[in-house]
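To start, the structure under review is shown below, and the notes come after it.
The values are calculated or read from the model by the stated rules, or taken from the named source; none is laboratory data. Here the structure is a predicted model, which means the values were calculated and not measured. With ideal geometry, Cβ positions are generated from the backbone for all residues, glycine too; neighbour counts draw on all protein chains shown.
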Amino acid sequence: MHTTPRRLIDELKKKTVTPREAARAVKSGNRIFYGEFALFPEAVDEALGERIHELENVDIRSVSFTRPPRPVMMDPERRHVVLNDWHFGKVSRTLHEKNLCNYIPITYHQGPRICRKYLDIDVSIITAAPMDKNGYFNFGLANSVTGAHLSKSKTIIVETNENVPYCLGGNYESIHISEVDHVAEGRNGPLVEIPPAEPRGADREIAGHIMREIEDGATLQLGIGGLPNTIGRLIAESDLKDLGIHTEMLVDSCVDLYESGRITGRNKSVDRFKMAYTFALGTRKLYDFIHMNPTCASYPVNYVNDPRIIAFNPKVVAINNALEIDLFSQVCSESAGTRQISGTGGQLDFIFGAFQSRGGKGIISLSSTRTDSAGAVHSRIVPSMSPGSIITVPRSIVQYVATEYGIVQLKGCSTWERAEKLIGIAHPDFRDELIRQADEMKIWVRSNRKDSL
């Protein structure tokens, strides 16, 4: 039986420090990278928070913070630390509203290249599984830009957590002890879990329209939320067969699909028989499923989200949510006016890649209406974007759009054809007004066409 060589044990012992000792590696003016998503380095973060007032101009960044960094909470006036995030979740969104966090615009698959070309990283502080018998620390749940940041880091700190699942690659899913400067044992607390969201409002109707676009042998990209979960349940109950998974985010519904027998990956052209992903976020069920599971393959995001790689697989169906779409077919999925909600993420990558796939379909989904805090109902299909709204997918890239009133394909359509199709899947209460405003905007949807909608 293979055991850990003595030289690796000695090297680990030499490099093991307390979280407080690890935090001493951070100096004024440093740019710091924290572990992504659920792999927040809790113990070293707290230790760094204790001494943040000794430091100046510290830049902390990650991809989707799942806990508020302690240095930021200890410095509400931003005199010592600035926080930057590549993708907003609830934590960063809340901090942003308090002017304590900035967003880094990114096309997700370009993240590692951006890091390697333009960023200098002083210290990386990541959470990983304890060292294995070969001297490797496995990244576990997140592999999107971690490897690129480690390759640019002057100092690398690994905080270990026994609850991190060991996720097979892929590539660059681990780092060797020889590349690590300090190892700090964490608290081994439970990882952040995101329970599956229940369907809301129009999710079931939208899912029904999308289901008709999924064929045997399709390769799926599913995200998080009530709609993807609903689609997952419908697929599990369907007679679809030989589906594959190639997705930036692996979620609980992927586990359900695999256990239902719908996922084989047999028809995939790359990572055949594998569920390829760049990060996983869900519940313990998901984390237990991916632990040492050769069915799953963890890759950096410059591989998984590269539209060229996505397009190699057949019949890619990429399903992504939006907040608003205008009659020109521009899609906003990340902001409400000037308020940053999430980020571009992999939406642009997968909508582009799905179209390039043989038989592929990139689908933007949204409910036809939203209700504001005062109870007023608004159409999500609008004449033009709200002031300050960020365009996530330009009209030239948009392919399918789905609401509870149907699904339309927009490639090859003129401006008036696009507007007409979008009005046709808008809520009926808003269609007449959308037609009127389209006339005023000279999109050439004339009001006498409304009977065809």
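Picking from Arg370, Arg380, Arg339, Arg431, which residue would you name as being crowded, with 17+ Cβ neighbours inside 10 Å, basic (Lys, Arg) and within 30 Å of Asn84 (Cα to Cα)?
Working: Arg370 fails: crowded, with 17+ Cβ neighbours inside 10 Å; Arg339 fails: crowded, with 17+ Cβ neighbours inside 10 Å; Arg431 fails: within 30 Å of Asn84 (Cα to Cα).
None of the other options fit; the residue is Arg380.
Exactly one of these conditions fails for Asn161: (1) touching a helix residue (DSSP H, G or I) at 6+ places or on another chain (Cβ under 9 Å); (2) among the polar types (S, T, N, Q); (3) on the phi > 0 side of the Ramachandran plot. Give me its number.
(3)
Report yes if some residue within region 85-98 is under 24 Å from Tyr299 (Cβ atoms), at pLDDT 95 or above and of a type in the set (D, E, K, R); otherwise report no.
yes
Filter region 212-256 down to the residues that are part of a loop (DSSP other than H, G, I, E, B), at negative phi and among the acidic types (Asp, Glu) and list them by number. Reasoning before the result, please.
Keep residues of region 212-256 that are part of a loop (DSSP other than H, G, I, E, B), which gives 212-218, 222-225, 238-242, 247-248, 251.
Next, from what is left, pick out any that are at negative phi: 212-216, 218, 222-224, 238-241, 247-248, 251.
Answer for region 212-256, where residues must be part of a loop (DSSP other than H, G, I, E, B), at negative phi and among the acidic types (Asp, Glu): Glu213, Glu215, Asp216, Asp239, Glu248.
Of the residues Arg61, Arg78, which is over 22 Å from Phe279 (Cα atoms) and either modelled with pLDDT under 95 or assigned by TED's automatic domain parsing to the domain that holds Lys14 (or both)? Steps first, please.
Working: Arg61 fails: over 22 Å from Phe279 (Cα atoms).
Arg78 is the lone residue from the list that is over 22 Å from Phe279 (Cα atoms) and either modelled with pLDDT under 95 or assigned by TED's automatic domain parsing to the domain that holds Lys14 (or both).
Is it fair to say Gln399 is surrounded by fewer than 23 Cβ atoms within 10 Å (Cβ to Cβ), touching a residue at least 24 places away in the same chain (Cβ under 8 Å) and out of contact with any helix residue (DSSP H, G or I) (no Cβ under 7 Å at 6 or more places or on another chain)? First the steps, then the outcome.
Working: surrounded by fewer than 23 Cβ atoms within 10 Å (Cβ to Cβ): yes; touching a residue at least 24 places away in the same chain (Cβ under 8 Å): yes; out of contact with any helix residue (DSSP H, G or I) (no Cβ under 7 Å at 6 or more places or on another chain): no.
So Gln399 fails the test.
Please note which helices (runs of 4 or more DSSP H) are completely contained in region 57-162 and include at least 2 residues that are of a type outside the set (S, T, N, Q) and surrounded by 21 or more Cβ atoms within 10 Å (Cβ to Cβ). It would help to see each step written out before you state the result.
Details: elements: 70-73, 90-97, 111-118, 146-152.
Helices (runs of 4 or more DSSP H) meeting the threshold: 70-73, 111-118, 146-152.
State whether one or more residues within region 182-203 are more than 17 Å from Ala280 (Cα to Cα), under 23 Å from the mean Cα position of the chain (by Cα), outside any loop (DSSP other than H, G, I, E, B) and of a type outside the set (Asp, Glu).
No, the conditions are met nowhere in region 182-203.
Only one residue in Arg262, Arg284, Arg339, Arg308 is assigned by TED's automatic domain parsing to the domain that holds Gly223 and within 18 Å of Ser357 (Cα to Cα), so which one is that?
Working: Arg262 fails: within 18 Å of Ser357 (Cα to Cα); Arg284 fails: within 18 Å of Ser357 (Cα to Cα); Arg339 fails: within 18 Å of Ser357 (Cα to Cα).
Within the list Arg262, Arg284, Arg339, Arg308, the selection yields Arg308.
Looking at region 240-255, which of its residues are buried (at least 20 other Cβ atoms within 10 Å of the Cβ), touching a Lys or Arg at 6+ places or on another chain (Cβ under 8 Å) and of a type outside the set (A, V, I, L, M, F, W, C)?
Correct list: Gly244, His246, Asp252, Ser253.
For Gln399, work out the one condition from (1) in contact with a Lys or Arg (Cβ under 7 Å, 6 or more places away or on another chain); (2) among the polar types (S, T, N, Q); (3) over 23 Å from Ser342 (Cβ atoms); (4) at pLDDT 95 or above it doesn't fulfil.
The failed condition is (3).
Does region 219-227 include one or more residues that are closer than 27 Å to Ala426 by Cβ, free of Cβ contacts under 8 Å to residues at least 40 places away in the same chain and either in contact with a helix residue (DSSP H, G or I) (Cβ under 6 Å, 6 or more places away or on another chain) or of a type in the set (Phe, Trp, Tyr) (or both)?
Yes, there is a match, as at least one residue in region 219-227 is closer than 27 Å to Ala426 by Cβ, free of Cβ contacts under 8 Å to residues at least 40 places away in the same chain and either in contact with a helix residue (DSSP H, G or I) (Cβ under 6 Å, 6 or more places away or on another chain) or of a type in the set (Phe, Trp, Tyr) (or both).
Kindly check whether there is at least one residue in region 376-386 that is assigned by TED's automatic domain parsing to the domain that holds Arg339 and in contact (Cβ under 8 Å) with a residue 60 or more places away in the chain.
The answer is yes; a qualifying residue exists.
Given the conditions (1) surrounded by fewer than 20 Cβ atoms within 10 Å (Cβ to Cβ); (2) touching an Asp or Glu at 6+ places or on another chain (Cβ under 6 Å), which single one is not true for Pro387?
(2)
Within the bounds of region 18-35, is there any residue that is on the phi > 0 side of the Ramachandran plot and out of contact with any His (no Cβ under 6 Å at 6 or more places or on another chain)?
From region 18-35, those on the phi > 0 side of the Ramachandran plot are 29; that's our starting set.
Going one step further and asking which of them are out of contact with any His (no Cβ under 6 Å at 6 or more places or on another chain), we end up with 29.
Yes, region 18-35 has at least one match.
Hey, any hits in region 306-318 for a residue that's touching a residue at least 40 places away in the same chain (Cβ under 8 Å) and within 30 Å of Leu434 (Cβ to Cβ)? Don't jump to the end; show me each part of the working.
Taking region 306-318 as the starting set, the residues that turn out to be touching a residue at least 40 places away in the same chain (Cβ under 8 Å) are 306-318.
Filter once more, keeping what is within 30 Å of Leu434 (Cβ to Cβ): 317-318.
Yes, region 306-318 contains at least one residue that is touching a residue at least 40 places away in the same chain (Cβ under 8 Å) and within 30 Å of Leu434 (Cβ to Cβ).
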